[in-house]
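Since the structure comes first, as structure tokens, the remarks are kept for the end.
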Amino acid sequence: MQLLNQKSDQTRKRYNRVATVYDLMEKPIEMLFFRHWRRQLFSQVKGRVLEVGVGTGKNIPYYPKGLKVTAVDISEKMLQNGQKRAAVTGKTVQFALMDAQHLAFKDEIFDTIVATFVFCSVSDPVEGLKELNRVIKKDGRILLLEHVKSKHHIMGKLMDILNPLTVKMMGFNINRDTVTNIKNAGLSLISENNLKGDVFKELLAVPCKEIS
Ligand SMILES: C[S@@+](CC[C@H](N)C(=O)[O-])C[C@H]1O[C@@H](n2cnc3c(N)ncnc32)[C@H](O)[C@@H]1O
């Protein structure tokens with residue numbers, strides 16, 4: 001992995017720190033919601049797949065059989081846990097330590113890119129999404145699960161206030177506007193599906209079609 005800037009290195013260190021307790025901390029919300037949303041997301045995945053920010057590999061059990069997946073993460077400790085999960089579930093996954101903001105792949109090679117709860121953590125999310133735009137095929141699809149800042153005034157304010165705490169303790173932001181970030185990265189947002197309130201969303205984006 002190329003040298004990280006200070007902010008990305010901080011993110012790497014934070015996730016390295018929480019890697020051993022990450023699954024335990026997320027267990028309640030995973031059981032209640034996330035696992036259902038992951039299953040639904042991965043039923044739409046096909047072709048050559050890139051998973052960005054694979055973390056401890058919580059999506060791996062939902063990879064359809066025979067799917068060829070490359071999975072990257074900035075944190076070596078999270079990635080190691082992902083590798084263990086792949087071994088347990090018997091799924092073939094090619095892992096690489098990589099920054100979403102500097103993907104070491106050629107242009108337009110993936111049919112599907114998946115990222116779940118990742119662009120809340122990537123230090124420059126627009127840069128990361130631009131990289132997804134670069135490596136996705138012209139007819140490819142980008143599938144995301146994300147939590148974003150609520151549009152409700154009080155809830156949104158509360159998220160702003162609590163954000164420094166979640167960043168420091170866990171490494172993720174709770175007040176990102178990922179829908180706008182997707183558009184600012186030059187992608188077209190095809191669908192925005194609210195999963196829980198207006199905070200948890202399933203998002204489908206594609207590269208912008210050039211007009212010739
Ligand atoms: C909240 S966790 C989500 C992990 C997993 N996708 C899931 O659904 O459980 C965010 C993950 O994104 C990774 N991450 C953060 N910034 C990244 C970057 N710039 N490039 C690649 N991975 C990154 C973190 O190391 C962490 O594993």
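We did not get these values from a lab; they are worked out from the coordinates using the rules stated. Given the structure is predicted, the values throughout are model-derived calculations rather than measurements. Positions of Cβ are backbone-derived with ideal geometry, glycine not excepted, and every protein chain shown enters the neighbour counts.
Going by how many other Cβ atoms sit within 10 Å of their own, how do SER8, SER43 line up, fewest first?
Numbers: SER8 22, SER43 10.
Starting with the residue having the fewest Cβ neighbours, the order is SER43, SER8.
Using C-alpha positions alone, give me the convex hull volume of segment 6-207 per residue in cubic angstrom.
110
Which residue, PHE117, PHE33, PHE172, has the most motion in a Gaussian network model of the chain that connects Cα atoms within less than 10 Å?
Result: PHE33 has the largest fluctuation of those listed.
In what sequence do LEU67, LEU203 fall when counting other Cβ within 10 Å, fewest first? Provide the component values of the computation, followed by the final result.
On the way: LEU67 17, LEU203 21.
Least to most surrounded, the residues fall as LEU67, LEU203.
Expressed as a rounded percentage, what relative contact order does the chain have, with Cα pairs under 8 Å and six or more residues apart? Before the final figure, lay out the partial values.
Working: 392 pairs, mean separation 38.8, N = 212.
Across the chain, relative contact order equals 18 percent.
For THR89 and ASP9, what does the FRET efficiency come to when R0 = 30 Å and r is the distance between their Cβ atoms, rounded to the nearest 0.05?
Working: r = 31 Å, r/R0 = 1.02.
Once the sixth-power term is evaluated, E becomes 0.45.
Compare the peptides 133-145, 85-97, 44-56 by average per-residue count of other Cβ atoms within 10 angstrom and give them in order, highest first. Present the calculation step by step, with values, prior to reporting the outcome.
Numbers: 133-145: 19.7, 85-97: 15.0, 44-56: 21.5.
Output ranking for 133-145, 85-97, 44-56: 44-56, 133-145, 85-97.
What value, in deg cm²/dmol to 500, does the helix sum -39500 (n - 2.57) over DSSP H runs of n ≥ 4 give at 222 nm once divided by the residues of the chain?
On the way: 7 runs with 79 residues, N = 212.
When only DSSP H runs of four or more count, the value is -11500 deg cm²/dmol.
Explain nothing, just compute: Karplus ³J(HN,Hα) = 6.51 cos²θ - 1.76 cosθ + 1.60, θ = phi - 60°, for every residue of segment 25-34 in order, whole Hz, x for Gly and Pro.
5, 8, 3, x, 5, 5, 5, 6, 10, 4
Compare GLN40, GLN83, GLN101 in a GNM of the chain, Cα atoms joined below 10 Å, and give the one with the largest fluctuation.
Greatest mean-square fluctuation among the candidates belongs to GLN40.
What residues qualify as long-range amide H neighbours of LEU103, i.e. H under 5 Å apart, gap of 5 or more or another chain, H built at 1.01 Å from N?
Distant-sequence amide H within range of LEU103: zero hits.
Can you compute 3J(HN,Hα) from phi for each residue in segment 86-100, using the Karplus curve 6.51 cos²θ - 1.76 cosθ + 1.60 with θ = phi - 60°, rounded to whole Hz and x for Gly and Pro?
Per-residue couplings from phi come out as 4, 5, 5, 8, x, 8, 8, 9, 9, 9, 8, 7, 7, 8, 4 Hz.
In whole Hz, what ³J(HN,Hα) sequence does segment 42-52 give by Karplus (6.51, -1.76, 1.60; θ = phi - 60°), x for Gly and Pro?
With coefficients 6.51, -1.76 and 1.60, one gets 6, 6, 9, 8, 8, x, 7, 10, 10, 9, 9 Hz.
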